[in-house]
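Input: a single structure, listed below in structure tokens.
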Amino acid sequence: MFNKSLIEKFQTIETPFYYYDLDILNRTIADVKAESEKHNFNIHYALKANTNQQILKIICNAGFGADCVSGNEVKAALRNQFVTESIVFAGVGKTDKEIIESLTADIFCFNCESIEEIKVINQLAASLNKKARIALRINPNVNANTHHYITTGLEENKFGINFWELEAVMEVIKNSPNIQLIGLHFHIGSQICDLEPFRLLCTRVNEIQQWFSSRNISITHLNLGGGLGVDYHEPDKNAIPNFKSYFAVFHKFLEIKKNQQVHFELGRSMVAQCGSLISKVLFVKEGKKTNFIILDAGMTELIRPALYQSYHKIENLTADFFSTNINTNETKYDVVGPICESSDCFAKALLLPASERGHLFAIRTTGAYGQVMSLEYNLREKAPSIYSDSI
Ligand code: LLP
């Protein structure tokens, strides 16, 4: 991803900024496309992972659909020319305004998460003289074995409709002339690296499908959500996630009926590895147990470590590419940001080459849920995006 001449260019740019390697993005996208097409699977990019226009353009041009979780994401998808019939709109709390705008735009499908939501969509669709296509997001009660903040498919989570509610849901749909049930939707969580939970999901979806077919309810679309994890520890070695094995699990274990189309909503796996947060060392300060490297990027630019204690590989680019010192991994540092919160910490007791004021650092695998989750806290300015094709 990096080389000497690139880092020399970085030295001329004000930090912090997000750097996007479009070669990695293009290679990742080509792989998702090739592997999903083998099975006729439809991919909707989960905009929540990264909504940068240039990234949306590349993904849209490759022919992917869009998975949105707010009215503004639907608008961003439309603005960036995602095909309207490829836009799905999910979320436990859609506002009337968001529903009306999406109905007016005639998006492909609403992923519905509660009985009340179905009733409201029916009313709003009636007022617009429209029929809303919906998929029921069903909580499959499958444990994704990931961080508890990003586990979504358990009964205790706020997401989806529980299996035991289906009778009541179908009663409501029967009495909702402006609703057309077309699909079932599932999403068990994010950053899932072990494929076993996806196999369990397939088994569960097969059971749930039986409930519908035994009642002669036709389901034409199955949406399995997203969740495929990426390698935060070895971003160079494993720059492209194993889409082949991921889709193979669904091909093998999911019972797909003749008239059914299968959809996925991938976010992180498509964009995480192409992004790095580039920051400069402001100060190096002696501590009691370890020294501190204070960067000019903090939790305001990348909140994942503070929020989920998540690991991101941290590299001292200046030392790695320009140091003549052979004793590179010598010192233990806490790598922190400038924000007045103790949780503003990227890594503790990390072994790094001797670091100094002015050294450039890269925080890797930040293309997904990085820039989109940035905060204005402390009146911080938004870190800009730099793309590999324009540097
Ligand atoms: N579909 C639904 C319904 C979702 O809730 C999500 C992510 C996705 C698709 C995309 O999942 P992915 O392929 O990206 O795993 N901010 C957290 C991740 C939150 C994920 C929310 N839902 C993080 O930084 O790890």
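The values are calculated or read from the model by the stated rules, or taken from the named source; none is laboratory data. Quick caveat: nothing in here was measured; it's all calculated off a predicted structure. So basically every Cβ, Gly included, is an ideal-geometry build from the backbone, and we count neighbours across all protein chains shown.
Some observations on this one:
- 3 or more residues of a type outside the set (Lys, Arg) and surrounded by 19 or more Cβ atoms within 10 Å (Cβ to Cβ): qualifying helices (runs of 4 or more DSSP H) within the range 241-308: 243-253, 268-271
- Pick from the range 315-373, criterion among the polar types (S, T, N, Q) and buried (at least 22 other Cβ atoms within 10 Å of the Cβ), ranking: farthest from residue 289 (Cα to Cα): 371
- Residue among 306, 349 that is under 23 Å from the mean Cα position of the chain (by Cα), closer than 27 Å to residue 380 by Cα and of a type in the set (A, V, I, L, M): 306
- Selection within the range 100-132 - touching a strand residue (DSSP E or B) at 6+ places or on another chain (Cβ under 6 Å), of a type in the set (Gly, Ala, Ser) and away from the ligand (no atom under 16 Å from the Cβ): 125, 132
- Residue within the range 354-364 that is modelled with pLDDT of 95 or more, in a loop (DSSP other than H, G, I, E, B), over 20 Å from residue 11 (Cβ atoms) and within 16 Å of the ligand (Cβ to nearest atom) present: no
- Selected residue [out of contact with any Pro (no Cβ under 7 Å at 6 or more places or on another chain) and either on the phi > 0 side of the Ramachandran plot or within 16 Å of the ligand (Cβ to nearest atom) (or both)] from 212, 253, 159: 159
- Subset tally (residues that are more than 30 Å from residue 184 (Cβ to Cβ), of a type outside the set (S, T, N, Q) and modelled with pLDDT of 95 or more) for the range 250-295: 14
- Selection from the range 258-272 of residues that are in contact with a Leu (Cβ under 9 Å, 6 or more places away or on another chain) and more than 19 Å from residue 303 (Cβ to Cβ): 260, 261, 262, 263, 264, 265, 266, 269, 270
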